[in-house]
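A short reminder: the numbers here are calculations on the coordinates, not readings from a lab. Predicted, not measured: the structure shown is a model, and the values here were computed from it. Glycine also receives a Cβ, built like all others from the backbone with ideal geometry; neighbour counts cover every protein chain displayed.
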Amino acid sequence: MIGLNHHPGRVVRRSLDKRIWAWPQYDWKMSPVVETVASKKVLLAAPRGYCAGVDRAVVTVTKALDLYGAPVYVRKQIVHNIHVVQTLEARGAIFVDETDEVPEGATVIFSAHGVSPAVHEQAAARSLKTIDATCPLVTKVHHEVRRFASEDYQILLIGHEGHEEVEGTAGEAPDSVLLIDGLADVEKVVVKDESKLIWLSQTTLSVDETMQTVDALKKRFPLLHAPPSDDICYATQNRQLAVKEIAEKCDLLLVVGSTNSSNSVRLVEVALESGSQASYLIDYASQVKDEWFVGVNTVGVTSGASVPEILVEDLLVELKKRGFGDVEVITKMEEHLLFSLPVELRKDLRAAQV
Ligand code: SF4
């Protein structure tokens with residue numbers, strides 16, 4: 001799916017009563033009014049932007065283009081970011097919805113969100129050369145689904161209906177997976193055996209919202225088992241924690257990311273839930289609007305896990321033009337994780353001695 005959306009995303013504005021204005025201590029009748037406005041600043045959240053899985057997926061496509069030459073086919077958006085997709089298209093990547101759009105025998109890359117076994121079979125049937133750029137942390141959830149399905153568990157998969165990652169994960173054992181998309185599904189879900197139930201989740205959800213869903217599931221199914229380790233990935237969790245760290249101090253918190261990027265949309269929600277007066281999702285700096293800055297003194301900035309840093313830099317330039325040149329980086333934690341490239345590509349790179 002190349003569902004490109006050029007419009008700024010979720011837009012929610014809260015009351016402005018927390019804005020800070022220092023009013024003058026003058027006798028209004030005797031003295032001219034002098035208004036002191038608190039200095040304007042930017043709080044830049046860290047960590048933000050590219051995670052290890054996105055970095056690996058984007059490098060996979062660029063190295064495949066270098067090695068095999070254009071075109072290289074990619075099933076679905078390699079990562080959910082319009083800028084990344086357009087940049088790779090300009091270099092010769094062709095994004096398709098399904099493998100039947102790829103010429104027989106050509107090379108196709110699977111996106112970071114993962115694919116079901118059925119997609120691997122379709123690709124094999126067309127003799128496609130496949131390079132699997134599924135994030136290893138998504139692959140981990142696929143393994144869990146296969147393992148628990150083989151042990152006769154029913155899996156309550158918390159996630160968003162229609163998201164590519166959820167389709168790929170559920171596709172590992174479609175007869176054993178029940179999707180839980182929000183609290184309403186907790187009440188509706190019908191299970192076979194309450195003693196053989198486990199919950200797993202999409203990797204890019206809101207941590208707090210997911211735990212609310214898990215609590216509701218546990219109330220309904222007290223014997224519910226928990227996953228062996230977190231499914232919401234380190235990058236999603238860290239970016240949400242970094243936003244929580246600054247949100248309360250922000251009159252406005254801008255999240256750079258695309259509207260189909262689950263983890264970016266969650267950052268807007270977390271910003272609002274954690275005290276920011278307003279929060280907007282934008283793909284580009286050019287999408288900021290004058291009215292967002294009325295009475296604003298502190299602007300928070302972050303970006304989703306699929307967003308290259310150049311887009312944040314562009315936003316900082318735009319903010320500087322608007323008087324927000326004072327940037328303070330607030331680092332919640334450091335990240336050092338790196339994933340090696342897909343094995344199929346590494347093999348070809350070695351053979352070509354690149
Ligand atoms: S957001 Fe998490 S699961 Fe998704 S690609 Fe990045 S590290 Fe992997």
Looks like the range 137-220, by Cα gyration tensor root eigenvalues a ≥ b ≥ c and the a/c under 1.5 rounded cutoff (else prolate when a/b is bigger than b/c, oblate otherwise), is oblate
Exposure-ranked with fewest Cβ neighbours within 10 Å first, I94, I78 stand as I94, I78
Expected unfolding gain across E309-V294 under the 0.36 nm per residue rule, minus the alpha-carbon gap, is 2.7 nm
Length gained, K249-E161, 0.36 nm per residue minus C-alpha separation, equals 28.3 nm
Per the rule of 0.36 nm per residue minus the C-alpha distance, extending D230 to V96 adds in nm 45.1 nm
A correct fewest-to-most ranking of V102, V327, V255 by other Cβ atoms within 10 Å would be V327, V102, V255
So for R0 = 51 Å, FRET eff. of T331-S127 from the Cβ-Cβ r, to 0.05, ends up at 0.55
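I'd like to verify something in the chain: which complete DSSP H helices, judged by Cα projection on the helix axis, reach 18 Å or more and average at least -1.0 on the Kyte-Doolittle scale?
52-68, 136-150, 207-220, 234-247, 309-321
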A student applying the Cα gyration tensor rule (rounded when a/c is under 1.5; otherwise prolate if a/b is larger than b/c, oblate if not) would label the range 243-326 oblate
Flagged as over-length at 29 Å C-alpha distance, from K63/K244; K140/K332; K76/K140, the pairs are K63/K244
Net charge near D152 (other residues with Cβ under 10 Å of its Cβ; Lys, Arg +1; Asp, Glu -1) is 0
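Please identify every one of the GluC sites (Glu not before Pro) in the range 166-267 that sits in a loop by DSSP and has no more than 16 other beta carbons within 10 Å of its own beta carbon.
In loop regions of the range 166-267 (DSSP not H, G, I, E or B), the sparsely surrounded GluC sites (Glu not before Pro) are E194, E248.
Which value at 222 nm does the chain reach when only helices count, each DSSP H run of 4 or more adding -39,500 (n - 2.57), with the total divided by all residues and rounded to the nearest 500 deg cm²/dmol?
Values: 11 runs with 126 residues, N = 354.
When only DSSP H runs of four or more count, the value is -11000 deg cm²/dmol.
Placing unit charges on C-beta atoms (Lys and Arg positive, Asp and Glu negative, everything else neutral), compute the dipole magnitude of the chain about its Cα centre in debye, rounded to 20.
Numbers: 37 positive and 50 negative charges, 160 e Å.
With only Lys, Arg, Asp and Glu charged at Cβ, the dipole is about 760 debye.
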A student applying the Cα gyration tensor rule (rounded when a/c is under 1.5; otherwise prolate if a/b is larger than b/c, oblate if not) would label the chain oblate
